[in-house]
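Take a look at the structure set out below.
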Amino acid sequence: MIKAEDIHIGIIGLGYVGLPLSLLFSKRYPTVGYDCNSHRVAELLQADDTTKETDATQLRQALRDGKLTLTDKPNALKDCNVYIVAVPTPVDCNNHPDLEPLIGASRTVGGLLSKGDIVVYESTVYPGVTEDVCVPQLEAESGLVYNVDFFVGYSPERVNPADTEHTVETIVKVTSGSTPEAADFVDRLYNSVLLNGTHKAPSIRVAEASKIVENCQRDVNIAFVNELAKIFAAMGIDTGDVLDAAASKWNFIRMKPGLVGGHCIGVDPYYMIERAQVYGVLPRVMSSARRLNDGMGTYVAQQLVHHMNIKGVPVKDARILILGFAFKENCPDTRNTKVADIYHTLNEYTDRIIVVDPWVDPLKVADNYGISVVASVPDGEVFDAAILAVAHSQFAAIDIRKLVPRPGVVYDVKGFLPRNDVDARL
């Protein structure tokens, strides 16, 4: 195996996972971060991280000191001997796993591999992808033999966007390798830069499965409370009050209802669902959870319409304010945001909708969703209804009843606004 003093890291993919990882490893090892998106690399070279996952001062210092090299040229990775792949694993329009980014990254790395090199995957996949899909690409492109000439590891990412407490440096990482020696090497590698250590899994497939389970569990738990929210709304009972009461029991697991978006919880379960069916297992609980959570944006919009009708506020051509578009609070990430579903459902009744989000890039939202977003509420605007969809900290300063005078309807998805100002909560 490669000696510690000879390690030269190459990171493939400079998004939410790859960029923080590049900075972390560059503290100890020569590190090259590669991304095929030239615009993204150009921004990073100016210490501009639009994901807001890294500190600009730290990034600028690492680039200035030569500890970290960022590039859009694959050949810049040729001197690396440890490759870490951190590219997206999305689903297509039919929610089938899309492994093309992972396959493309494997081909890129395969064309650079030398004898003795190690490739570690961090991208979230179903059990078997690393060895059954990625390794054949590495062998085909390199002409080398797996577990003879090169080795593979898997250490699933655990990045939580906008979470400043559970950063890549402070979390416990799962590690694994294709041989016992490779597993030991990967474990030592990550332990050399992490503050709280690792958990070495007995196989790559176990490590892959552990990541999927993390997100499937969250999805199922949130689906349960979302279903409760629907039931209690029909009964005229406030879900938040119910959960507050239930949480007084010592072993109650507190979860909140909400919109499930982002690249992890809203996507990864589909990888497990599809793979389970290959083995003849119908994952009813996970499938039901996905359907329920995927429909919550539409449900929220319908609830707003319901309460407007109750209060006699005309829905057709109503002026409606939506606060927040990102998939979670204090974060610029709009991947798989269910606020888009809220917008499109309400847009069937009115085109007088203003979406406010100070965190997101309006141009990216327009390109990806065809929806216009502004950073703040336009001066002098008054609305017939509003939905607090994302609990950005900036929204705490808003006087919602100045914007939505009664009998206008305010619906709070997050339980964020003053209780007396809200007509209904999820």
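The values are calculated or read from the model by the stated rules, or taken from the named source; none is laboratory data. Just so you know, these numbers come straight off a predicted model, no measurement behind them. Virtual Cβ from ideal backbone geometry, glycine too; neighbours counted across all protein chains shown.
One line per residue, one yes/no per condition, for (1) surrounded by 12 or more Cβ atoms within 10 Å (Cβ to Cβ); (2) of a type in the set (A, V, I, L, M); (3) at pLDDT below 95; (4) touching a helix residue (DSSP H, G or I) at 6+ places or on another chain (Cβ under 7 Å):
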site: ASP219; (1), (2), (3), (4): yes, no, no, yes
site: GLU227; (1), (2), (3), (4): yes, no, no, yes
site: ALA245; (1), (2), (3), (4): no, yes, no, no
site: SER248; (1), (2), (3), (4): no, no, no, no
site: ILE265; (1), (2), (3), (4): yes, yes, yes, yes
site: GLU274; (1), (2), (3), (4): yes, no, yes, no
site: ARG284; (1), (2), (3), (4): no, no, no, no
Q: Would you check if there is a residue in region 128-141 being surrounded by fewer than 17 Cβ atoms within 10 Å (Cβ to Cβ), part of a loop (DSSP other than H, G, I, E, B) and touching a helix residue (DSSP H, G or I) at 6+ places or on another chain (Cβ under 7 Å)?
A: yes
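Filtering region 32-70 down to residues that are among the acidic types (Asp, Glu) and outside any loop (DSSP other than H, G, I, E, B), which residue is nearest to LEU14 (Cα to Cα)?
So the first thing to find is which residues in region 32-70 are among the acidic types (Asp, Glu), and the list is 35, 43, 48-49, 53, 55, 65.
Those left that are additionally outside any loop (DSSP other than H, G, I, E, B): 43, 65.
Values: GLU43: 11, ASP65: 19 Å.
In this case the residue turns out to be GLU43.
Restricting attention to region 397-410, and to residues there that are assigned to a loop (DSSP other than H, G, I, E, B) and β-branched (Val, Ile, Thr), which single residue is nearest to the chain's Cα centre (by Cα)?
Step one: list which residues in region 397-410 are assigned to a loop (DSSP other than H, G, I, E, B), which gives 398-399, 404-408.
Then keep just the ones that are β-branched (Val, Ile, Thr); that gives 398, 404.
Values: ILE398: 28, VAL404: 32 Å.
So, considering only residues that are assigned to a loop (DSSP other than H, G, I, E, B) and β-branched (Val, Ile, Thr), the one nearest to the chain's Cα centre (by Cα) is ILE398.
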Q) In region 190-213, what residues are outside any loop (DSSP other than H, G, I, E, B) and either closer than 13 Å to GLU169 by Cα or out of contact with any strand residue (DSSP E or B) (no Cβ under 8 Å at 6 or more places or on another chain) (or both)? A) TYR190, ASN191, THR198, ARG205, VAL206, ALA209, ILE212, VAL213
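Out of region 232-251, which residues are in a helix (DSSP H, G or I) and either over 22 Å from PHE416 (Cβ atoms) or of a type in the set (D, E, K, R) (or both)? Even if it seems obvious, please write down each step before you answer.
Filtering region 232-251 down to residues in a helix (DSSP H, G or I) leaves 232-235, 239-246.
Result: ALA234, MET235, ASP241, ASP244.
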Q. Applying the selection to region 150-179, what residues are part of a loop (DSSP other than H, G, I, E, B), modelled with pLDDT of 85 or more and under 18 Å from VAL85 (Cα atoms)?
A. SER155, PRO156, GLU157, ARG158, VAL168, GLU169, SER176, SER178
Q | Criterion (exposed (fewer than 15 other Cβ atoms within 10 Å of the Cβ) and of a type in the set (Asp, Glu)) met by exactly one of ASP333, ASP317, ASP294 | A | ASP317
Q | Positions within region 42-86 being within 27 Å of VAL135 (Cα to Cα) and either small (Gly, Ala, Ser) or surrounded by fewer than 22 Cβ atoms within 10 Å (Cβ to Cβ) (or both), in sequence order | A | THR69, THR71, ASP72, LYS73, PRO74, ASN75, ALA76, LYS78, ASP79, ASN81, ALA86
Q) Is one or more of the residues making up region 283-295 over 20 Å from the mean Cα position of the chain (by Cα), touching a residue at least 60 places away in the same chain (Cβ under 8 Å) and part of a helix (DSSP H, G or I)? A) yes
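Mind checking which residues of region 360-396 are under 26 Å from THR239 (Cβ atoms), small (Gly, Ala, Ser) and not in a loop (DSSP other than H, G, I, E, B)? Reasoning before the result, please.
Restricting attention to region 360-396, the residues satisfying the condition of being under 26 Å from THR239 (Cβ atoms) are 383-396.
Those left that are additionally small (Gly, Ala, Ser): 385-386, 389, 391, 393, 396.
Within region 360-396, ALA385, ALA386, SER393, ALA396 meet the criteria.
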Q.
I need the full set of residues from region 336-359 which are surrounded by fewer than 23 Cβ atoms within 10 Å (Cβ to Cβ) and part of a loop (DSSP other than H, G, I, E, B), in order please.
A. ASN336, ASN347, GLU348, TYR349, THR350, ASP351, ARG352, PRO358, TRP359
Q) Looking at region 329-363, which of the residues that are modelled with pLDDT of 95 or more and of a type in the set (Lys, Arg) is nearest to GLN303 (Cα to Cα)? A) LYS338
Q: Quickly run through region 171-193 and pick out the residues that are surrounded by fewer than 21 Cβ atoms within 10 Å (Cβ to Cβ) and of a type in the set (Lys, Arg).
A: ARG188
